[in-house]
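Here is the structure we will look at.
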Amino acid sequence: MNNHDFQNLIESLLNARDKNGSPLKMASLIVSQGDRYFEHNFQPKAPVDTRSIAKPIVCLALGIAIQNGLSFDGELIDLSTPIWKFVSKYTKMHDPLNELKWSTVRLIDCLRITLGHDKGLIFSQDVKTQGEDNLIDYVVNYPITGEVGRDFVYSNAGTFLISTLVTEYLHKGLDQFVAEHLFVPLGISDFKWKKYGKYCAGCTGLSLQNEDLHKIGKLILDGGVYGGRQIVQSSWIEKMRSPQVPAPTHRYIAGRAFPKWSYGLNLWICEDGNYYCDGTDGQYMIFIPKKNILITALGYQPDTEPVSHCLGLLK
């Protein structure tokens with residue numbers, strides 16, 4: 001990776017067109033490989049909503065909190081902890097059969113999204129139709145028709161549930177929780193996070209500068225180490241970037257630059273060993289471990305296929 005390669009990538013993004021024939025609406029791009037760092041801003045620098053890239057960021061903070069002794073009501077929490085006994089204290093279940101299924105849901109199911117639902121929940125349409133104050137009741141009462149712990153359907157529900165747990169049991173917003181455990185050690189202070197009613201959205205709505213997103217990516221790429229310090233346990237990072245669900249997923253498209261073959265803990269896993277997270281408007285955090293390359297891109301581009309095609313040139 002050199003400056004020539006990076007400039008070719010910039011030209012590709014500038015020349016690409018979306019499905020409507022329009023230029024791509026990118027905000028910024030950063031690529032690093034070891035000590036080499038390349039940055040280009042397509043628009044004036046500003047925080048951008050990272051959309052679903054918020055999920056692995058929450059996962060990182062949760063991993064740090066667990067290694068530091070996270071507890072709810074005096075009970076130590078880990079990935080195997082059943083969560084219904086905690087969630088049930090601040091929401092009401094209407095169907096006893098659904099409650100029985102919820103009793104099998106563990107914290108890890110929120111991160112690998114194996115909740116057993118037949119569709120994704122807490123997307124924009126749900127927020128509009130259900131109302132921001134009713135989302136937790138909507139999630140727990142939505143029928144579980146699949147097998148908890150096995151059946152994967154991409155959703156925002158798991159990370160939103162984690163946000164509610166943090167708020168109810170730690171008496172702080174998820175934004176404060178993530179700041180304390182992750183952002184402060186990384187020197188990140190310029191951020192905003194959307195709320196759904198009294199809860200931080202968690203699953204989306206986190207606005208960051210790209211250089212700060214890149215710090216988070218470096219932490220993952222380097223096995224939890226940043227600035228010479230082990231911020232997150234390497235075993236937590238390995239679990240995040242290792243397949244946790246059967247492959248291929250329901251979102252697998254073989255012809256894409258980075259096919260969604262499997263899912264780890266809030267990260268998509270490709271068959272070739274690359275892994276990444278993406279957002280609705282062309283946001284990407286891509287890891288190419290064989291080349292030690294990290295790509296972070298932010299944008300306002302709903303048609304993401306041409307973005308991923310261009311970024312795939314670095315594979």
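The values are calculated or read from the model by the stated rules, or taken from the named source; none is laboratory data. Note that the structure is predicted; figures quoted are calculated from it, not measured. Here the Cβ is made from the backbone with ideal geometry for all residues, glycine too, and neighbour counts use every protein chain on show. When the accessible area is computed, the model is the full protein with side chains, heavy atoms only, and any ligands, DNA or RNA have been set aside. Shrake-Rupley method; radii C 1.70, N 1.55, O 1.52, S 1.80 Å.
The table below gives the values:
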{"read-out": "Within the stretch 220-230, considering residues that are of a type in the set (A, V, I, L, M, F, W, C) and crowded, with 19+ Cβ neighbours inside 10 Å, the one farthest from the chain's Cα centre (by Cα)", "value": "Leu221"}
{"read-out": "Matching residues, the stretch 100-133, being under 27 Å from Leu60 (Cα atoms), of a type in the set (S, T, N, Q) and assigned to a helix (DSSP H, G or I)", "value": "Ser124"}
{"read-out": "Verdict on Ser235 being part of a strand (DSSP E or B), farther than 20 Å from Ser155 by Cβ and open to solvent by 10 Å² or more (accessible area, probe 1.4 Å)", "value": "no"}
{"read-out": "Checking Ala257 against (1) in contact with a Leu (Cβ under 7 Å, 6 or more places away or on another chain); (2) open to solvent by less than 10 Å² (accessible area, probe 1.4 Å), the condition it does not meet", "value": "(2)"}
{"read-out": "Number of the exception - Ser88 against (1) in contact with a strand residue (DSSP E or B) (Cβ under 8 Å, 6 or more places away or on another chain); (2) surrounded by fewer than 18 Cβ atoms within 10 Å (Cβ to Cβ); (3) among the hydroxyl-bearing types (Ser, Thr, Tyr)", "value": "(1)"}
{"read-out": "Among residues of the stretch 152-200, those that are open to solvent by less than 30 Å² (accessible area, probe 1.4 Å), in a loop (DSSP other than H, G, I, E, B) and free of Cβ contacts under 8 Å to residues at least 60 places away in the same chain, counted", "value": "3"}
{"read-out": "Residue ID - farthest from Gly224 (Cα to Cα), chosen from residues in the stretch 176-186 that are touching a strand residue (DSSP E or B) at 6+ places or on another chain (Cβ under 9 Å) and not polar (S, T, N, Q)", "value": "Phe177"}
{"read-out": "Where Tyr276 falls short, out of the listed (1) touching a residue at least 24 places away in the same chain (Cβ under 8 Å); (2) open to solvent by less than 10 Å² (accessible area, probe 1.4 Å); (3) of a type outside the set (Lys, Arg)", "value": "(1)"}
{"read-out": "Residue that is surrounded by the most Cβ atoms within 10 Å (Cβ to Cβ), among those in the stretch 37-66 that are hydroxyl-bearing (Ser, Thr, Tyr) and within 12 Å of the chain's Cα centre (by Cα)", "value": "Thr50"}
{"read-out": "Lone unmet requirement of (1) open to solvent by 80 Å² or more (accessible area, probe 1.4 Å); (2) in contact with a Cys (Cβ under 9 Å, 6 or more places away or on another chain); (3) of a type in the set (Val, Ile, Thr) for Ile83", "value": "(1)"}
{"read-out": "Exclusive hit being small (Gly, Ala, Ser), surrounded by fewer than 14 Cβ atoms within 10 Å (Cβ to Cβ) and within 28 Å of Gly299 (Cβ to Cβ), set Gly69, Gly34, Gly74", "value": "Gly34"}
{"read-out": "Residue match in the stretch 140-148 (condition: open to solvent by 20 Å² or more (accessible area, probe 1.4 Å), of a type in the set (Asp, Glu), within 17 Å of Ile83 (Cα to Cα) and not in a helix (DSSP H, G or I))", "value": "yes"}
{"read-out": "Residue match in the stretch 202-219 (condition: crowded, with 17+ Cβ neighbours inside 10 Å, of a type in the set (A, V, I, L, M, F, W, C), in a strand (DSSP E or B) and touching a residue at least 24 places away in the same chain (Cβ under 8 Å))", "value": "yes"}
{"read-out": "Condition met for Pro96 (over 20 Å from the mean Cα position of the chain (by Cα) and either closer than 26 Å to Val153 by Cβ or exposed (fewer than 15 other Cβ atoms within 10 Å of the Cβ) (or both))", "value": "yes"}
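Residue-by-condition table, conditions (1) of a type outside the set (Ser, Thr, Tyr); (2) assigned to a loop (DSSP other than H, G, I, E, B); (3) out of contact with any strand residue (DSSP E or B) (no Cβ under 8 Å at 6 or more places or on another chain):
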position	(1), (2), (3)
Asn8	yes, no, yes
Leu14	yes, no, no
Lys19	yes, yes, yes
Leu29	yes, no, no
Ala46	yes, yes, no
Pro56	yes, no, no
Asp78	yes, yes, yes
Leu97	yes, no, yes
